[in-house]
Amino acid sequence: MKVYAIGDLHLSFAAPPDPRNWCGVRTYKPMDIFGELWTEHYRKLYANWLETVEPGDLVLMPGDISWALRLPEARHDLEFLGMLPGTIVAVPGNHDYWWQSLKQLRQALPPNMRVIQNDCFVAGDVLLCGARGWVCPNAGGFSEKDEKIYRRELIRLENSLRSARPAGKKIVAMMHFMPTNEQHERSGFIDLFLEYGVGTVVYGHLHANASHWRLPDKAWGIAFHLVCADYLRFVPLLIGEAAGDAH
């Protein structure tokens with residue numbers, strides 16, 4: 001199976017989406033306020049996804065999936081994801097307020113979608129781990145409150161990595177936030193990646209001009225991929241392949 005990644009979809013369907021009638025689609029937070037590139041971005045995403053991803057493939061989605069504040073409000077966004085081929089595996093972003101009770105969330109997911117929270121997902125010879133992450137120490141404006149959240153996210157990431165112990169498998173990690181500060185100083189997240197043998201990391205959050213803060217493609221022996229939907233022009237990015245089936 002091929003492994004793709006794309007994050008920061010920022011969906012906000014106000015009614016069931018119908019790809020046969022995009023003109024009838026209603027959203028409660030049109031994204032074109034962030035630039036022309038975002039105009040009806042869900043149409044671009046849908047078309048590019050169908051041209052790129054096959055039913056047996058895997059798509060990693062590192063957060064900011066829906067603008068919904070509560071799980072019931074995200075139902076149409078989840079319906080949209082359920083129309084797409086491939087198995088979607090996600091972690092939350094800072095805007096995913098609807099991501100609350102894990103049990104209820106998993107019950108509401110479409111059949112082709114899985115989420116990671118303090119655990120991992122096995123995809124053939126690849127283990128998928130991850131956490132939301134947070135801004136890192138020495139980042140601009142880093143506060144005492146940020147420190148607390150950062151420490152909590154380190155624990156969540158390590159819980160996920162600890163659950164991925166089987167030998168002989170490649171480990172891919174997902175985070176919503178870039179796992180370093182703007183100066184790309186080594187962080188606790190990087191320490192965990194190195195300790196547990198993570199070979200590839202995908203992350204999002206850095207929209208528009210902020211993408212210039214992205215990590216180099218390779219650092220500390222790890223491959224890094226920025227996969228914000230707008231940065232990718234709404235085309236899922238191929239990051240590798242996995243032998244075997246996802247389960």
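The numbers here are math on the coordinates, done by the rules we state, and not lab data. Quick caveat: nothing in here was measured; it's all calculated off a predicted structure. Note that each Cβ is placed from the backbone with ideal geometry, even for glycine, and that neighbours are counted across all protein chains shown.
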Exercise. If you take the beta carbon distance between Arg162 and Glu79 as r and set R0 to 35 Å, what does 1/(1 + (r/R0)^6) give as a FRET efficiency, to the nearest 0.05?
Worked result: 0.55
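Would you mind checking Lys2/Lys44; Lys170/Lys218; Lys169/Lys218; Lys148/Lys218; Lys2/Lys170 for any pair whose Cα atoms are more than 25 angstrom apart?
On the way: Lys2/Lys44 21 Å; Lys170/Lys218 17 Å; Lys169/Lys218 20 Å; Lys148/Lys218 29 Å; Lys2/Lys170 14 Å.
Beyond 25 Å between Cα atoms: Lys148/Lys218.
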Exercise. Order of 2-9, 227-234, 134-141 by packing, highest average Cβ count within 10 Å first?
Worked result: 2-9, 227-234, 134-141
For this session: Report the label-to-label distance for Lys29 and Glu185 in nanometres (one decimal), using points 7 Å from each Cα along the Cα→Cβ vector.
Result: 3.1 nm
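Using a simple charge model, +1 on the beta-carbon of Lys and Arg, -1 on the beta-carbon of Asp and Glu, nothing else, what dipole does segment 2-241 show about its Cα centre, in debye to the nearest 20? If you can, show how the numbers build up before the last one.
Working: 25 positive and 27 negative charges, 109 e Å.
Magnitude of the dipole: close to 520 debye.
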Exercise. What order do you get for Asp96, Asp217 when you list them from fewest to most C-beta neighbours inside 10 Å?
Worked result: Asp217, Asp96
